[in-house]
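What follows draws every value from the coordinates through simple rules; no lab data is involved. Only a predicted model underlies this, so the values are computations on that prediction, with no experimental measurement involved. For neighbour counting, all protein chains shown are included, and Cβ atoms are generated from backbone atoms with ideal geometry for every residue, glycine included.
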Amino acid sequence: MFALLLVLIVVLFGFGFLNPIWWVAAAVLVFGATRYGRGGRGRGGGSDFGEYQDYRDHRERQDRWDRRYSRQHRARWNREDRRDRERRG
C-alpha cells in the first residue's frame, strides 16, 4: 500500500511539469498520507484519549517528582533559607 502511494505521488509530481495543478494534487496526497495515514492522528481516531493519556502520564510523573524531592530536601531548603535571612538581616 505504501509503495503504491509513493508511486502515485511520484507520478503526480511528474505530471506537474505539464500542468502545475498536478503538483497541488501531489501535495494534497502527501498531506493526507502524513496526517491521516498509519500512525497519524486523524479525526475520530481516538486521539483525544491518547492525548489525555499522555497528559495524565506527564502529571503523574511530575507529581511523583514533586513529592519525592519536596519531602526529601525540605529540611535542607529551610536551613538555607534561614541562613539567607540571617545574612540579609
Task: Förster radius 35 Å - calculated FRET efficiency between Asn78 and Glu51 (Cβ-Cβ, nearest 0.05) - done: 0.35
- [ ] Please give the peptides 54-61, 25-32 ranked by average Cβ packing (other Cβ atoms within 10 Å per residue), highest first, as a rough proxy for protection.
- [x] 25-32, 54-61
